[in-house]
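The values are calculated or read from the model by the stated rules, or taken from the named source; none is laboratory data. All values derive from a computational prediction rather than experimental measurement. In this analysis, Cβ positions are derived from the backbone assuming ideal geometry, glycine residues included, and neighbour counts consider all displayed protein chains.
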Amino acid sequence: MKAAGKWVDPFDDMSRPPFDLSSVGIDTRWLDVSLSDRRLLLVVAHPDDESFSNPGTIARYAASGVTVHCVCATRGELGTIEPELLRGHAGVSELRTSELLCAADALGMAAIHFLGYRDSGMEGEPENLAAGSLHQAALEDVTRKIVTTMRVYRPHVVITFAPSGGYRHPDHVKINQATLPAFEAAELGPGKLYYLAGSVTALRIAIAAMRLLRRDPRKFGRNKDVDLVRMLDEATPTTTVIDVSAFLQPKIRAARCHRSQTPSLPPGPIMRIMGRTERFARVVPPWRSGESETDLFSSI
Ligand SMILES: [Zn+2]
């Protein structure tokens, strides 16, 4: 694995907090065991969610000394993979775990906490009935694992999916449903909770472009299972825009780590224009009208 040389064993120093969460089914992969006095936790469902949602924000805060951890519920077992990419890997989950750790290294993350569920498909797919899938997991079980991680690492800022999950992927929706009660139960004091919020303008442009090309914007993506029109209808209003224009390179490096999911990236000029900012919706503390915010850690 690319970053293997950098990983360290947290149990070398037993004076540290209790890092071993395996008793509750969490497998942690470390890149840096130090904990700074500013900590951010990203809670997602699949390897690549971190790199295709808010990677510039992760890179920006990690570079400024914030400890960034990521909870990832699955190892992306259902991802479509070109067979040649599997060479040298025991299976899809191992390949995608290595891709996530590569991206974590590119973005400066400190640790990934895998919750141990199997990937689920879009609504109605037969894989969702598989034992061990996130789809089948009891919501309380998922919530408990996230609460445990929060209580151990005490993040000041938590980021997760909006209630729509972005594009209605059932795993994303479930992570939202588990993270909200987990955040409350963890009692993080002055902690702030944000939802990922995409660009409505970018969505409108994508829908218009598809219509111009006589393609159905309700059937977008590799598997034609992403409904851009519904995404626009359900878009979470942005409260906070983060300037990540100085972190385009780590964003590109992280996206390239997920080679099995994204064989090619948009052209550089489009990446530069579309990737300058990342958007969030603050949930806790509640947004007050007239407020403006350009820093997730403001007032912490
Ligand atoms: Zn995902």
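Let's see how each residue does on (1) outside any helix (DSSP H, G or I); (2) more than 16 Å from the ligand (Cβ to nearest atom); (3) without any contact (Cβ under 8 Å) to a residue 40 or more places away in the chain; (4) surrounded by fewer than 18 Cβ atoms within 10 Å (Cβ to Cβ):
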{"residue": "128", "(1), (2), (3), (4)": "no, no, no, no"}
{"residue": "162", "(1), (2), (3), (4)": "yes, no, no, no"}
{"residue": "168", "(1), (2), (3), (4)": "yes, no, no, yes"}
{"residue": "198", "(1), (2), (3), (4)": "yes, no, no, no"}
{"residue": "203", "(1), (2), (3), (4)": "no, yes, yes, yes"}
{"residue": "209", "(1), (2), (3), (4)": "no, yes, yes, yes"}
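Which of the residues spanning the range 15-70 are over 16 Å from the mean Cα position of the chain (by Cα), surrounded by 19 or more Cβ atoms within 10 Å (Cβ to Cβ) and either within 16 Å of the ligand (Cβ to nearest atom) or among the small types (Gly, Ala, Ser) (or both)?
Of everything in the range 15-70, nothing turns out to be over 16 Å from the mean Cα position of the chain (by Cα), surrounded by 19 or more Cβ atoms within 10 Å (Cβ to Cβ) and either within 16 Å of the ligand (Cβ to nearest atom) or among the small types (Gly, Ala, Ser) (or both).
Which residues, counting only those in the range 47-88, are assigned to a loop (DSSP other than H, G, I, E, B) and small (Gly, Ala, Ser)?
Once the filter is applied, which keeps residues that are assigned to a loop (DSSP other than H, G, I, E, B) and small (Gly, Ala, Ser), the range 47-88 yields 51, 53, 64, 65, 76, 79, 88.
Within the range 186-195, is there a residue that is part of a helix (DSSP H, G or I), of a type outside the set (Lys, Arg) and more than 16 Å from the ligand (Cβ to nearest atom)?
yes
Any chance the range 148-156 includes a residue that's within 16 Å of the ligand (Cβ to nearest atom), modelled with pLDDT under 95, of a type in the set (D, E, K, R) and in a loop (DSSP other than H, G, I, E, B)?
No, the conditions are met nowhere in the range 148-156.
Which number in (1) without any contact (Cβ under 8 Å) to a residue 12 or more places away in the chain; (2) in contact with a helix residue (DSSP H, G or I) (Cβ under 7 Å, 6 or more places away or on another chain); (3) of a type in the set (Val, Ile, Thr) marks the one condition that residue 270 misses?
It is condition (2) that residue 270 fails.
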